[in-house]
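The values are calculated or read from the model by the stated rules, or taken from the named source; none is laboratory data. Worth saying up front: this structure is predicted, and the values here are computed from it rather than measured. We place every Cβ from the backbone using ideal geometry, glycine too, and count neighbours over all the protein chains shown. All accessible areas refer to the heavy atoms of the entire protein, side chains included, with ligands and DNA or RNA removed. Shrake-Rupley method; radii C 1.70, N 1.55, O 1.52, S 1.80 Å.
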Amino acid sequence: MKLWGGRFTKETDQLVHNFNASISYDQKFYKQDILGSIAHVTMLEKQQILTPEEREQIVDGLQGILRDIENGTLEITSEYEDIHSFVEANLIDRIGEPGKKLHTGRSRNDQVALDMKLYTRDEIVAVNDLLKALLVVIHRIMSENTDTYMPGFTHLQKAQPVTLAHHFGAYFEMFRRDRSRLRDIYDRMNYCPLGAGALAGTTYPLDRDYTASLLKFDGPTLNSMDSVSDRDYLIELLSALSTIMMHMSRFCEEIILWNSNEYRFVEIDDSYSTGSSIMPQKKNPDIAELVRGKTGRVYGALISLLTTMKGIPLAYNKDMQEDKELTFDAIDTVKGCLALFTGMIDTMKFNRPAMEKSAKNGFTNATDAADYLVNHGVPFRDAHGIIGRLVLLCIDRNIALDDLPLEEYKKISPVFEKDIYDAISMETCVEKRNCVGAPGGQAMTQIIAANARYLEES
Ligand code: ARG
């Protein structure tokens with residue numbers, strides 16, 4: 001049952017076995033382990049290290065194991081140390097002598113490095129697809145809301161009016177960058193460690209380029225010690241996953257605020273809300289809160305792995321086995337959160353009147369009122385002071401700048417005319433902002449078209 005009994009005179013203590021074993025979680029990449037082994041023996045035959053018959057028997061045996069795991073007739077059990085031992089022992093049980101040649105020119109060190117890369121490579125693609133599905137929903141909401149006015153905030157104080165399309169557009173940019181980060185990581189990690197052996201390569205004439213191409217890598221890794229001890233790509237991945245969670249968490253925080261009685265900008269669908277066991281009126285944004293909360297555990301995985309790796313001398317050390325549970329949990333968490341978050345915003349209702357009302361109250365047009373004066377020759381600093389005094393007057397009377405009579409405007413500056421009201425209307429404030437990246441309808445239409453092209457092409 002063990003791959004390494006020969007040198008030992010005593011049985012392993014049961015607690016030691018349990019502490020050392022990784023099969024409870026590395027069974028997650030049974031498929032990658034088997035596909036890696038198939039590529040390995042295919043190369044061994046090409047290099048005449050195995051005969052064609054041996055290769056055929058081993059490949060048949062491995063395919064049988066894969067089939068039986070998938071159809072549920074072969075159970076992965078905990079008496080094995082890891083998935084590599086499980087597959088090899090099972091192969092030997094099935095096909096006998098040739099099975100004992102599977103591990104020729106290989107170590108579990110390069111094997112596990114390969115399995116983890118194959119597994120994470122597929123998961124990067126899956127996360128990337130989920131991000132795309134989220135972007136498609138954000139894009140739809142943007143397209144439908146180029147004239148849904150709402151307040152833009154700084155310091156959580158109303159600042160200037162924007163549109164819902166513009167606000168969602170900010171998240172479009174974030175999740176798009178997240179996808180490009182995943183792409184970079186994929187490209188950088190996509191080199192095959194198989195053939196590095198335990199740490200110093202092997203004396204067999206392996207064709208590492210061939211194995212790499214069979215497994216769709218861009219080539220073999222170039223230093224065997226680095227190959228078995230590099231976990232940089234996992235740290236990069238956990239960092240990218242943390243950034244995705246940070247983006248979702250910020251969005252969730254806003255949705256929680258917007259869904260509150262105080263804001264009422266949005267209403268989360270019943271199917272994405274939960275109730276209270278005591279307060280009958282409650283409809284809580286639990287999904288958004290959970291996504292925000294789970295961000296912590298993904299950050300935790302990043303910090304854990306960085307800390308695990310920081311004192312490890314070259315080359316492989318068992319500490320590195322700790323990379324797996326952290327990474328698997330982070331990936332599963334991000335995938336779950338992305339799917340739920342996408343569903344939640346896809347079904348969310350937007351309360352346009354509440355948003356517009358909020359944008360109208362709160363002096364979000366004060367900058368535009370100052371700009372009006374600047375356009376009539378008043379220096380900006382003076383204009384700022386004049387409008388500040390008018391805002392104070394309005395606060396005192398509990399009215400908006402839009403409702404202040406023209407005489408009051410004129411009392412403070414003769415420059416004001418009737419057209420001030422048009423200049424500070426919410427529509428003007430937004431629609432005049434049309435430089436690239438601004439919320440004005442013309443600018444937004446161009447961005448939305450560019451986003452549509454991006455979604456088609458990527
Ligand atoms: N389960 C081990 C890991 O995840 C596999 C590699 C074992 N190598 C060794 N030299 N003990 O790292």
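Based on alpha-carbon atoms only, what is the radius of gyration of the range 61-208 relative to the globular estimate 2.2 N^0.38 Å? Each step should come with its number before you reach the end.
Working: Rg = 24.9 Å, N = 148, 2.2 N^0.38 = 14.7 Å.
Computed over Cα atoms of the range 61-208, the ratio equals 1.69.
What is the range 257-401 by shape, rounded, prolate or oblate, if you read a ≥ b ≥ c off the alpha carbon gyration tensor as root eigenvalues and call it rounded for a/c under 1.5, prolate for a/b larger than b/c, and oblate otherwise? List each step's numbers first, then the result.
On the way: a/c = 3.86, a/b = 1.77, b/c = 2.18.
Oblate.
Only helical DSSP H runs with n ≥ 4 go in: add -39500 (n - 2.57) per run for the chain, normalise by residue count and round the 222 nm mean residue ellipticity to 500 deg cm²/dmol.
Values: 19 runs with 283 residues, N = 458.
Here the helix-only value at 222 nm equals -20000 deg cm²/dmol.
Compute, for the range 266-422, the length of the dipole vector about the Cα centre, with Cβ point charges of +1 (Lys, Arg) and -1 (Asp, Glu) only. Units Debye, rounded to 20.
On the way: 19 positive and 24 negative charges, 76 e Å.
Here the range 266-422 has a charge dipole of around 360 debye.
Between D184 and K318, how high is the FRET efficiency from 1/(1 + (r/R0)^6) when r is the Cβ-Cβ distance and R₀ = 35 Å? Nearest 0.05.
Working: r = 30 Å, r/R0 = 0.85.
Calculated transfer efficiency: 0.70.
If you place +1 on the Cβ of every Lys and Arg and -1 on the Cβ of every Asp and Glu, how big does the dipole about the Cα centre of the chain come out, in debye to the nearest 20? Could the numbers behind the result be given before it?
Values: 51 positive and 67 negative charges, 158 e Å.
Approximately 760 debye in magnitude.
Can you pull the percent of the range 161-231's accessible area that's carbon plus sulfur, 1.4 Å probe, other chains left in place?
Working: 1600 of 3090 Å².
C and S fraction of accessible area: 52 percent.
What are the GluC sites (Glu not before Pro) within the range 324-430 that DSSP puts in a loop, where the Cβ has at most 14 other Cβ atoms within 10 Å? Please list the in-between numbers first.
Values: sites: E325, E356, E407, E408, E417, E427; in loops: E417.
Here the GluC sites (Glu not before Pro) that fit, given the DSSP loop and packing criteria, are E417.
Give me the 1.4 Å probe accessible area per residue for the chain, excluding ligands and nucleic acids, in Å². Don't skip to the answer; put the middle values down first.
Details: 22280 Å² over 458 residues.
Averaged over the residues of the chain, the accessible area is 49 Å².
Rank-order 431-439, 189-197 by packing density, defined as the average count of other C-beta atoms within 10 Å over each peptide's residues, highest first. Could the numbers behind the result be given before it?
On the way: 431-439: 15.3, 189-197: 24.6.
For the peptides 431-439, 189-197, the packing ranking is 189-197, 431-439.
Compare the Cα positions of A21, A339, G36 along the charge dipole of the chain (+1 at Cβ of Lys, Arg; -1 at Cβ of Asp, Glu; about the Cα centre) and return the one farthest towards the positive end.
A339
PRE reach from D218 (point 7 Å along Cα→Cβ): which of the range 117-157 fall under 20 Å by backbone N?
Backbone N within reach: 117-129.
Name the long-range amide H neighbours of V162: under 5 Å, sequence gap of 5 or more, or other chain; modelled H, no Pro or chain starts.
M150, G152
If the cut-off is a Cα-Cα distance under 26 Å, which lysines reach K216, setting aside same-chain residues fewer than 8 apart in sequence?
Cα-Cα hits under 26 Å: K28, K31, K46, K101, K117, K132, K324, K335.
For the chain, what is the convex hull (Cα atoms) projected area averaged across all directions, in square nanometres?
Result: 30.1 nm².
Could you please state, rounded to a whole Å, how far the C-alpha centre of the range 46-73 is from the C-alpha centre of the range 193-259?
27
Going by the alpha-carbon gyration tensor, a ≥ b ≥ c the square roots of its eigenvalues, is the range 68-108 rounded (a/c under 1.5) or, if a/c is not under 1.5, prolate (a/b greater than b/c) versus oblate?
Working: a/c = 2.28, a/b = 1.44, b/c = 1.58.
Judged from the Cα gyration tensor, the range 68-108 comes out oblate (a/c at least 1.5, b/c at or above a/b).
R0 = 60 Å: FRET efficiency of D122 with K432, Cβ-based, nearest 0.05?
Values: r = 48 Å, r/R0 = 0.81.
Given R0 = 60 Å and the Cβ-Cβ separation, E is 0.80.
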